[in-house]
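**Q** One structure, as structure tokens, below. Some questions next.
Laboratory data are not the source of any read-out in this text; all were calculated from the coordinates shown. Keep in mind that this is a model prediction, so the values were computed, not measured. Cβ placement follows ideal geometry from the backbone for every residue including glycine, while neighbour counts extend to all protein chains displayed.
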Amino acid sequence: MASRKEEKERLRSARLEKERTATHDTRRRLWLGYLVAGVITAAVISGIVIAVIGTSGGDSAGGGGGASIDPTTGVVFEDLEPDDRTGTALPVLAGGSIDDAAEAAKCTVERDLRDEGAEHLSPDAPVPNYRTNPPSSGNHSPDPLADGAYQTTPSPLNFVHSLEHGRVQFQYDPSLPEADQLAIKGLFDNDPAGMIMFPNPDLDGAVAASAWTRVLNCESFEGDVTLAALSAFRSEFRGRGPEPVPF
């Protein structure tokens, strides 16, 4: 049988071991708390950085409004006013072919039009007599227009070159009511990569879309059905120029 002294020593050792275990657990929980707090802090800081980056790039390529002018895709001409208006909320657009969408909107769609050439002219050369309105191919300036939305009409010499690079262009009569212009801008804002938008006082109708050797013409703007036709045109013909430049 253990002596009283030995029993006392055993109890003392057990107590010390229990205290060491408790201290270890406390320290472990403390460090775990520090780690969790650090992760949360890093996440908060990252969120702030992302938010700052997201809000500071309104005029760069990508969605979310602004003019979305991308200088890596062409020339940014100082005499052209960017269209940084915020487009209106998009309706739910039904799927379907460009032909069905154009028919519903009472628009005409022409595909596989005659290729009118792609030679480079002097930047200050007279504008050729393009056979389609809006132009869909033809000789042009060596300077393509940068992707983006504009409130000033660019020279056909520049935007025709952009068509050669696989761009799709939304054009509208500048007399179109601003509410209708903003509806088209909302569609542009939704997916602006490889897109150009601008007013064109020389259109035969109210709204048009163009790609290389393809044209959509709408005599009037009929709201959602016209937007659906523009959206279908973009989906089918964007990136299909003879010189598909990445966007």
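**Q** If packing is taken as the average count of other Cβ atoms within 10 Å, what order do 140-149, 159-168, 105-114 fall into, highest mean first?
**A** 159-168, 140-149, 105-114
**Q** Still on this structure: Give me the percent of DSSP beta bridges within the stretch 134-247 that run antiparallel, rounded to the nearest 5.
**A** Among the beta bridges of the stretch 134-247, antiparallel pairing accounts for roughly 55 percent.
**Q** Rounding to the nearest 20 debye, state how big the charge dipole of the stretch 71-237 is about its Cα centre with +1 on each Lys and Arg Cβ and -1 on each Asp and Glu Cβ.
**A** Magnitude of the dipole: close to 220 debye.
**Q** Please work out the ratio of the alpha-carbon Rg of the stretch 71-237 to 2.2 N^0.38 Å and round it to two decimals.
**A** 0.96
**Q** If you don't mind, there's one more thing I want to ask. On a full-extension model of 0.36 nm per residue, what is the gain between Thr152 and Glu119, subtracting their alpha-carbon distance, rounded to one decimal in nm?
**A** 9.3 nm
**Q** Sort the following peptides by mean Cβ neighbour count (other Cβ atoms within 10 Å, averaged over residues), highest first: 73-85, 169-181, 224-236.
**A** Most protected by this proxy first, the peptides run 224-236, 169-181, 73-85.
**Q** What list of ³J(HN,Hα) couplings, whole Hz, do you get for the stretch 213-220 from phi and the Karplus terms 6.51, -1.76, 1.60, once you set θ to phi - 60° and write x for glycine and proline?
**A** 6, 9, 9, 10, 10, 10, 5, 9
**Q** Could you run the Karplus curve 6.51 cos²θ - 1.76 cosθ + 1.60 with θ = phi - 60° over the stretch 146-160 and give me ³J(HN,Hα) per residue in whole Hz, x for Gly and Pro?
**A** Taking θ as phi minus 60°, the curve returns 5, 4, x, 10, 10, 9, 10, 6, x, 6, x, 4, 8, 6, 5 Hz for the stretch 146-160.
**Q** OK, next. Mark the label point 7 Å from the Cα of Asp204 along Cα→Cβ and return the residues of the stretch 214-247 whose backbone N is within less than 15 Å of it.
**A** 214-220, by backbone N distance to the label point.
**Q** Hey, another quick one. Using the Karplus curve 6.51 cos²θ - 1.76 cosθ + 1.60 with θ = phi - 60°, work out ³J(HN,Hα) for each residue of the stretch 170-178 in order, rounded to whole Hz, and write x for Gly and Pro.
**A** With coefficients 6.51, -1.76 and 1.60, one gets 9, 10, 8, 5, x, 7, 4, x, 4 Hz.
**Q** Could you estimate the translational diffusion coefficient of the stretch 166-219 from the Stokes-Einstein equation, with Rh from the Kirkwood formula over C-alpha pairs, at 10 °C and 1.306 mPa s, in whole µm²/s? Walk me through the numbers before you get to the answer.
**A** Values: Rh = 11.3 Å.
The Stokes-Einstein estimate is 141 µm²/s.
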